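What follows is calculated from the coordinates using simple rules that are stated; it is not laboratory data. None of the values given here were measured: they were computed from a predicted structure. Counting neighbours? That spans all protein chains shown, and the Cβs are built from the backbone with ideal geometry, glycine included.
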Amino acid sequence: QVQLVESGGGLVQAGGSLRLSCAASGSVSSIETMAWYRQAPGKQRELVASLTSGGGSPDYADSVKGRFTISRDNAKKSVYLQMNSLKPEDTAVYYCNADLRTSWYATRRNFWGQGTQVTVTV
């Protein structure tokens with residue numbers, strides 16, 4: 001069984017910072033793309049940031065460029081999201097997502113974490 005476990009959400013005032021963490025556990029052979037998504041009440045889930053294992057440039061949603069930074073530690077099977085200059089519109093449940101293989105011969109599969117709430121107050 002594979003699990004993605006997020007941590008680091010919480011309540012913060014506008015202009016503040018939070019750092020989200022996500023670690024993959026279980027039968028994980030290799031992780032390709034790791035990403036963060038978010039879903040605000042009444043809205044569709046959207047991609048916030050993604051990063052491949054090959055060390056390429058990360059992708060960011062326009063709304064977070066210059067404020068959020070995604071990084072990963074392949075040895076720890078983890079991905080992080082440093083969120084600075086937070087705004088009330090960043091309030092959402094943030095989900096970790098990963099494309100990974102459970103063994104070298106397995107088909108690549110997509111997994112989601114359970115989500116962590118981020119609330120930004122004015």
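Okay, here's what the table says:
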read-out	value
Local electrostatic count, Thr33, Cβ distance below 14 Å [Lys/Arg +1, Asp/Glu -1]	+2
Note, ³J(HN,Hα) from phi for the range 65-74, Karplus 6.51, -1.76, 1.60, rounded to Hz, x at Gly and Pro	4, x, 10, 10, 9, 9, 8, 9, 10, 5
Trypsin sites (Lys or Arg not before Pro) within the range 59-105, DSSP loop, no more than 12 other Cβ atoms inside 10 Å	Lys65
Modelled FRET efficiency - R0 25 Å, Gln1 with Trp104, Cβ distances, 0.05 increments	0.85
Selected from Ser103, Ala24, Trp36, residue furthest toward positive end of dipole (the chain; charges at beta carbon)	Ser103
For the chain, the longest site-free run once chymotrypsin sites (Phe, Trp or Tyr not before Pro) in DSSP loop states with at most 16 other Cβ atoms within 10 Å are removed	1-103
FRET efficiency for Gln117 and Ser57, using Cβ-Cβ distance with R0 set to 30 Å, rounded to 0.05	0.55
Per-residue HN-Hα couplings for the range 76-92 [Karplus 6.51, -1.76, 1.60; θ = phi - 60°; Hz; x = Gly/Pro]	9, 6, 10, 10, 10, 9, 8, 10, 10, 6, 5, 10, x, 6, 7, 4, 4
